[in-house]
Amino acid sequence: MTATMRAVVYTGYGRPLELRDVPEPECPADGVVLDVRATGVCRSDWHAWKGHEQVPLPQIPGHELSGVVVDTGPEVRRWRPGARVTVPFVCGCGRCEFCAAGEAQVCPQQTQPGFTGPGSFAERVAIHAADLNLVALPDDVGFVAAASLGCRFATAFRALTAHGQLRDGEHLVVHGCGGVGLSAVQIGVALGARVVAVDVAEESLARARALGAEAGVRSAGMSVGDVAAAVRELTGGGGHVSVDAFGAAETCEASVRCLRRRGRHVQIGLLFGPAATPPIPMDVVTAHELAIHGSHGMPARDYPRLLELVSGGALRPDALVENVLTLAEAPAALAAMDAPSGSAGMTVVEPGRGLSR
C-alpha cells in the first residue's frame with residue numbers, strides 16, 4: 001500500500017486549492033526528504049496558481065520552507081536524518097558551471113519547490129542536490145523565522161549586498177512595502193543605510209517606519225516623476241541604491257528615476273505581461289552612469305552571513321510574521337491574494353500543527 005501524506009493541491013490554473021492525501025515524495029539519489037516544519041505563503045505561489053508562470057499540473061505550492069531531514073539519498077555526503085535546515089527557493093543542479101562557481105541561483109537546470117516539482121504546502125517535500133542546496137539552521141533560529149527568510153529576506157539580502165553594494169550611511173529607497181520590501185527596509189537599516197520607503201498604503205509605510213525607515217512617500221495618485229522628485233528632495237539628490245520590491249512598470253521606472261548619479265537600481269519584484277518591459281529611461285542611465293541589476297534569490301553559500309545577523313538579533317524576520325496557520329487554512333490564505341489585503345505582514349503555515357507526529 002502506497003504511503004500518503006497531507007498536502008495542498010491545485011489541478012489547474014485558478015482551480016480550487018484543495019487539502020488532500022497524496023503519495024509521499026520519493027527521495028532523490030542526490031537529495032533528501034524533509035519533514036516540513038514551516039512554509040511561507042508567498043505571492044510567487046499565487047502567480048503560479050493563476051498561471052502567470054507555467055508549472056507542471058497538478059501542483060503542490062510552497063517554496064519558502066524550513067524543516068528536518070528524514071531521509072537521504074545514497075549520493076548525499078553532508079547530511080543525516082535529524083538535521084535542521086532551510087533551502088533557497090532556487091536549487092541548483094550541482095553539476096553545471098554556474099553551480100561550480102557558487103551561483104546556483106542562475107543554474108539552467110535549477111529546481112524550485114512548488115514550480116518545477118511539488119512544493120512545501122505539504123507534510124514532507126523532496127529536495128534535489130542536497131549537498132549543494134541545504135542550509136544548516138543555527139539552534140537559536142526557529143523554523144518559523146527560517147521560513148520567513150524564504151525568498152523574501154534572502155532575495156532582499158542578496159539584492160542589497162551583492163548587487164546594490166549598499167554601504168553604511170547611503171540612502172536606500174524601497175518601492176513597495178510588502179513582504180520583500182519590508183525585508184529590504186529591515187536589512188537596509190541593519191547595514192546602516194538611511195531608508196526611504198515608497199508605497200500606496202499608509203499602513204505599509206507605518207510598518208516601514210516602525211522597522212527603521214527615516215521617511216516615507218505615499219505614492220497613491222502620484223506620477224512616476226512626482227515620486228522620483230519627492231525621493232530626490234528627501235535624500236538630497238536621490239538614492240544611492242533603489243529597489244523595486246513590488247514589480248510593476250511604474251515602480252520600476254520610479255526606482256530608476258529616483259537615483260542620484262552613479263546610483264544602483266535592483267529589480268527584485270517579479271514583472272509579468274506588459275509590465276515585463278517597463279519604460280526604463282536609458283538616456284538617464286547612460287548620462288548618469290546608473291547601474292541596473294536583476295536579482296533572483298540567493299544561493300546556499302551566501303546564507304551564513306544572513307543567519308549571523310538573525311542569530312545576533314540585527315535582523316528579526318519573525319517580526320514581519322502576522323499569522324501562523326495550519327495546513328488546512330493554507331488554501332484560503334493563498335486564494336486571499338486575489339485581492340489586496342491591506343496588510344504588509346507575512347503568513348506562515350506549520351503543516352504539523354494540529355496533526356500527530
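Annotation for Ala275 and Thr2: the two label points, set 7 Å from Cα along the Cα-Cβ direction, are 3.8 nm apart.
The apolar share of the surface of the stretch 265-357, taken as the fraction of accessible area on carbon and sulfur atoms (1.4 Å probe, ligands and nucleic acids excluded), comes to 56 percent. Per residue, the stretch 5-116 exposes 42 Å² of accessible surface when a 1.4 Å probe is rolled over the protein heavy atoms with every protein chain present.
So what is the accessible area of the stretch 164-241 per residue, in Å², with the probe set to 1.4 Å?
That works out to 36 Å² for each residue.
Extension gain for the segment Thr326 to Val284, taken as residue separation times 0.36 nm less the Cα-Cα distance, is 10.2 nm to one decimal. Legend: calculated FRET efficiency, Glu18 to His293, from the Cβ-Cβ distance at R0 = 45 Å, rounded to 0.05, equals 0.70. Out of the total accessible area of the stretch 114-234 (probe 1.4 Å, heavy atoms of protein only), what percent is carbon and sulfur? After summing per-atom areas, the C and S share lands at 51 percent.
Per the Debye formula on identical point scatterers at the alpha carbon atoms of the stretch 1-82, with no solvent, log10 I(q)/I(0) at q = 0.17, 0.21 Å⁻¹ is -0.82, -1.08. Looking at the chain, the DSSP beta bridges with both ends there are about 50 percent antiparallel. Computed per residue of the chain from DSSP H runs no shorter than four, each worth -39500 (n - 2.57), the mean residue ellipticity at 222 nm is -6500 deg cm²/dmol.
In a DSSP loop and with at most 16 other Cβ atoms within 10 Å, the GluC sites (Glu not before Pro) in the stretch 169-217 are Glu214.
Dividing the mean sequence gap of close Cα pairs (under 8 Å, 6+ apart) by how many residues the chain holds gives a relative contact order of 19 percent.
Calculate, for Asp168 and Arg77, the FRET efficiency according to 1/(1 + (r/R0)^6) with r their C-beta to C-beta distance and R0 35 Å; round to the nearest 0.05.
0.35
Farthest towards the positive end of the charge dipole of the chain, among the residues His128, Ser223, His163, is the Cα of His163, using unit charges on the Cβ of Lys, Arg, Asp and Glu.
Projecting label points 7 angstrom from Cα along Cα→Cβ for Arg261 and Ala314 puts them 3.2 nm apart. Think of each Lys and Arg Cβ as +1 and each Asp and Glu Cβ as -1; about the Cα centre, that makes the dipole of the chain roughly 420 debye.
Ordering 186-193, 106-113 by mean Cβ neighbour count within 10 Å, with the highest value first, yields 186-193, 106-113.
Over the stretch 251-328, accessible surface divided per residue gives 48 Å², non-protein components excluded, 1.4 Å probe.
Suppose R0 equals 51 Å; then what is the FRET efficiency for Ala100 and Asp140 from their Cβ-Cβ distance, rounded to the nearest 0.05? Don't skip to the answer; put the middle values down first.
On the way: r = 32 Å, r/R0 = 0.63.
The pair Ala100/Asp140 has a calculated efficiency of 0.95.
The values are calculated or read from the model by the stated rules, or taken from the named source; none is laboratory data. Just so you know, these numbers come straight off a predicted model, no measurement behind them. We place every Cβ from the backbone using ideal geometry, glycine too, and count neighbours over all the protein chains shown. Heads up: the accessible areas ignore ligands, DNA and RNA and are worked out on the full protein's heavy atoms, side chains in. Shrake-Rupley method; radii C 1.70, N 1.55, O 1.52, S 1.80 Å.
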